[in-house]
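Step one of this worksheet: look at the structure below.
Taken together, the values in this text are just the output of simple stated rules run on the coordinates, not laboratory data. If you're wondering where the values come from, they're calculated on a predicted model, not measured in any experiment. Positions of Cβ are backbone-derived with ideal geometry, glycine not excepted, and every protein chain shown enters the neighbour counts.
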Amino acid sequence: MERWNGHTWEPHGFAANLAEARRILYPDANTDPTPAPPASQPMAPGKGRHRKPGPPPPPRSRR
């Protein structure tokens, strides 16, 4: 098994199967090893880097 220390993967130990690996990595049986994702929040309107472009603006009239 390996653990991420924030910068690189480092050796942590050996396990014969998944159940043993979970016991080693998550010794507290009451905690869920995969935390629940945060509550989803809809994206606010705006111009973000990865948002789809909206319709083009209407043409300006020249006077």
Problem set entry | Segment Leu25-Trp9, length gained on full extension (0.36 nm per residue, minus Cα span) | 4.3 nm
Exercise. Summing Lys, Arg as +1 and Asp, Glu as -1, what charge do residues with Cβ under 14 Å from the Cβ of Ala21 carry, Ala21 excluded?
Worked result: +1
Seminar exercise, completed: Expected unfolding gain across Arg62-Leu18 under the 0.36 nm per residue rule, minus the alpha-carbon gap, is 8.8 nm
Exercise. Ordered by packing density, taken as the mean number of other Cβ atoms within 10 Å over each peptide's residues, highest first, how do 13-23, 52-62 rank?
Worked result: 13-23, 52-62
